[in-house]
Amino acid sequence: MSSFSDDWLALREPYDARARNAKVLAAVAASFEQHDTIQIVDLGCGTGSTMRALSPLLAARQKWRLVDNDTELLAKAMAARPLECVAATAVTLDLNRDLEAALDGPINLVTTSALLDLVSEKWLERLAMKVAARSIPFYAALSYDGRIELTPVDPFDTAITAAVNAHQRTDKSFGPALGSAAAAIAITLFQSHSYALVQGASDWVISSDDCKMQSEVLAGWAKAAAGTSGLTAADASAWLTRRRDAVDAKISSIRVGHIDVFAVPMRTR
Ligand SMILES: C[S@@+](CC[C@H](N)C(=O)[O-])C[C@H]1O[C@@H](n2cnc3c(N)ncnc32)[C@H](O)[C@@H]1O
């Protein structure tokens, strides 16, 4: 499965949904309690996971603008509109090139999930500047933060984690990616624009019964690690074999660290 395939997004969505930080979601919902209608832009929406997670918590009528560069994912997102009070439009564009077009028109909230770790610092600065210039609240869920906990412990876990985190920093079409630093940098940036921040952990908890999710995550990490300095392809492959044996024996579990952030402007312009 590729990182943005429909299959992968469908597999991860229940883990994302359970992981989303409840305090952060509640803060987003509370800040729109007085609104009759909300216009929301979801950046890198994939198949619409954030719309499905957030829309039932918002009392207002909602107009979602779903933005992605993958038309097939956008078609799935449009087909899965969750509620009567939710309208959605799909916009196909490259967020690296055309961020300004994605943010065109009236907007009450910008959302994203599992995107900030893919983007560069320069792009995130550009996004924060555009959003802050219009005092728009910003909800960013599920940014990977570099923490990987594996049970049982394997001697190569530390090297694999380091290699995965190095791979996270490679270019994902936005320039050198922020990887595990993304949430911390987003927090600092929005604070510098006089935003108040609500943040919290949104870790994936993948239990010994979740064999398919474990297999996909472990295979993805072994592939990412294999090309990275410090580990040979044979090391990564042997690690994956030992890990798969543990999954088959139902003694394996994984926790993957993520952070959710809600940034609200402290003053209106
Ligand atoms: C990890 S997926 C997250 C999808 C969705 N937000 C979720 O949480 O399930 C990243 C998404 O960003 C989109 N994406 C990646 N690079 C992009 C770009 N340059 N412009 C627009 N979308 C992009 C991918 O197509 C994919 O849907």
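If Thr50 satisfies every condition in (1) part of a helix (DSSP H, G or I); (2) more than 10 Å from the ligand (Cβ to nearest atom); (3) under 21 Å from Val264 (Cα atoms) but one, which is the exception?
All conditions are met except number (2).
Would you point out the residue of region 208-236, among those that are modelled with pLDDT of 95 or more and of a type in the set (Ser, Thr, Tyr), that is surrounded by the fewest Cβ atoms within 10 Å (Cβ to Cβ)?
Ser208
Please go through region 162-171 and give me each residue that is within 13 Å of the ligand (Cβ to nearest atom) and either hydroxyl-bearing (Ser, Thr, Tyr) or surrounded by fewer than 16 Cβ atoms within 10 Å (Cβ to Cβ) (or both), ordered by number. Full working, then the answer.
Residues of region 162-171 that are within 13 Å of the ligand (Cβ to nearest atom), as a first pass: 168, 171.
Answer for region 162-171, where residues must be within 13 Å of the ligand (Cβ to nearest atom) and either hydroxyl-bearing (Ser, Thr, Tyr) or surrounded by fewer than 16 Cβ atoms within 10 Å (Cβ to Cβ) (or both): just Asp171.
Here is a list: Ser207, Ser215, Ser192. Which entry is more than 19 Å from Asp154 (Cβ to Cβ) and among the small types (Gly, Ala, Ser)?
Residue meeting the stated conditions: Ser192.
Among the residues of region 133-161, write down those that are away from the ligand (no atom under 16 Å from the Cβ), of a type in the set (A, V, I, L, M) and either touching a Ser or Thr at 6+ places or on another chain (Cβ under 8 Å) or assigned to a loop (DSSP other than H, G, I, E, B) (or both).
The answer is Ile136, Ile148, Leu150, Val153.
I want to confirm something. Restricting to region 172-184 and keeping residues that are part of a helix (DSSP H, G or I) and either aromatic (Phe, Trp, Tyr) or more than 16 Å from the ligand (Cβ to nearest atom) (or both), which single residue is farthest from Ala140 (Cα to Cα)?
Among those that are part of a helix (DSSP H, G or I) and either aromatic (Phe, Trp, Tyr) or more than 16 Å from the ligand (Cβ to nearest atom) (or both), it is Ala181.
Going by the conditions given, is Leu118 crowded, with 21+ Cβ neighbours inside 10 Å, farther than 15 Å from Leu66 by Cβ and near the ligand (Cβ under 8 Å from one of its atoms)?
So Leu118 fits the description; yes.
Check region 91-107 and report whether any residue there is part of a helix (DSSP H, G or I), among the charged types (D, E, K, R), more than 8 Å from the ligand (Cβ to nearest atom) and surrounded by 21 or more Cβ atoms within 10 Å (Cβ to Cβ).
No, every residue in region 91-107 fails to be part of a helix (DSSP H, G or I), among the charged types (D, E, K, R), more than 8 Å from the ligand (Cβ to nearest atom) and surrounded by 21 or more Cβ atoms within 10 Å (Cβ to Cβ).
Keeping to region 63-90, report how many residues are assigned to a strand (DSSP E or B), charged (D, E, K, R) and exposed (fewer than 14 other Cβ atoms within 10 Å of the Cβ).
Residues in region 63-90 being assigned to a strand (DSSP E or B), charged (D, E, K, R) and exposed (fewer than 14 other Cβ atoms within 10 Å of the Cβ): 0 in total.
Out of everything in region 4-43 that is in a loop (DSSP other than H, G, I, E, B) and within 16 Å of the ligand (Cβ to nearest atom), what residue ends up being farthest from Ala80 (Cα to Cα)?
Asn21
The values are calculated or read from the model by the stated rules, or taken from the named source; none is laboratory data. Fair warning: this is a prediction, and the values are worked out from it, not measured in the lab. With ideal geometry, Cβ positions are generated from the backbone for all residues, glycine too; neighbour counts draw on all protein chains shown.
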